[in-house]
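Trainee: Take a look at the following structure, please.
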Amino acid sequence: MTYKLELVIDHEKQEFSRNDPPMLKDMTQALILQRHQLEMYSDEGGPSDEHYKRNEKDLAEFAVKFWNGQFKTEQVVNGCTLASLDEINNAIGDSLGKKDTDSEEKTGKK
């Protein structure tokens with residue numbers, strides 16, 4: 001499977017690809033990010049501004065590591081569209097071993 005990510009860098013769309021499946025290092029990074037998100041939503045009173053900033057940084061750092069350093073953290077923060085964020089979240093889910101529920105629904109198999 002090819003993972004593609006499009007970022008807007010210097011006012012131009014640039015596409016980045018990764019052909020490798022998620023590896024152990026990706027799963028570990030995704031678990032750390034997930035733990036931070038759980039902490040963020042477990043705090044009394046809900047997430048704070050600092051939680052959101054940490055989440056932004058965690059997501060950007062995950063993307064940089066997952067796509068093997070083809071871009072910088074700052075470029076993700078400043079050039080990631082909503083569609084691109086969906087791609088990052090898909091990579092996180094795949095790294096955590098999520099099942100493809102769309103395929104299951106179409107085939108009826110689990």
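Trainee: Just name the residue that is nearest to F62 (Cα to Cα) out of those in the range 6-19 that are in contact (Cβ under 8 Å) with a residue 12 or more places away in the chain and surrounded by fewer than 12 Cβ atoms within 10 Å (Cβ to Cβ).
Mentor: S17
Trainee: Are there any pairs, at least 6 apart or on different chains, whose C-beta atoms fall under 6 Å, with the first in the range 20-34 and under 21 Å from E56 (Cα atoms) and the second of a type outside the set (D, E) and modelled with pLDDT under 95, and if so, which?
Mentor: none
Trainee: Go through the residues of the range 44-60 one by one and say whether even a single one is at pLDDT below 95, in a loop (DSSP other than H, G, I, E, B) and open to solvent by 60 Å² or more (accessible area, probe 1.4 Å).
Mentor: So far as the range 44-60 goes, yes, one or more of its residues are at pLDDT below 95, in a loop (DSSP other than H, G, I, E, B) and open to solvent by 60 Å² or more (accessible area, probe 1.4 Å).
Trainee: Being at pLDDT 95 or above and open to solvent by 70 Å² or more (accessible area, probe 1.4 Å) narrows it down to one of K99, K72, so name that one.
Mentor: Just one listed residue meets the conditions, K72.
The values are calculated or read from the model by the stated rules, or taken from the named source; none is laboratory data. Being a predicted model, the structure only gives us computed values, none of them experimental. As a convention, Cβ positions derive from the backbone with ideal geometry for all residues, glycine included, and neighbour counts pool all protein chains shown. To get the accessible areas, we keep the full protein, side chains included, count just its heavy atoms, and leave off ligands, DNA and RNA. Shrake-Rupley method; radii C 1.70, N 1.55, O 1.52, S 1.80 Å.
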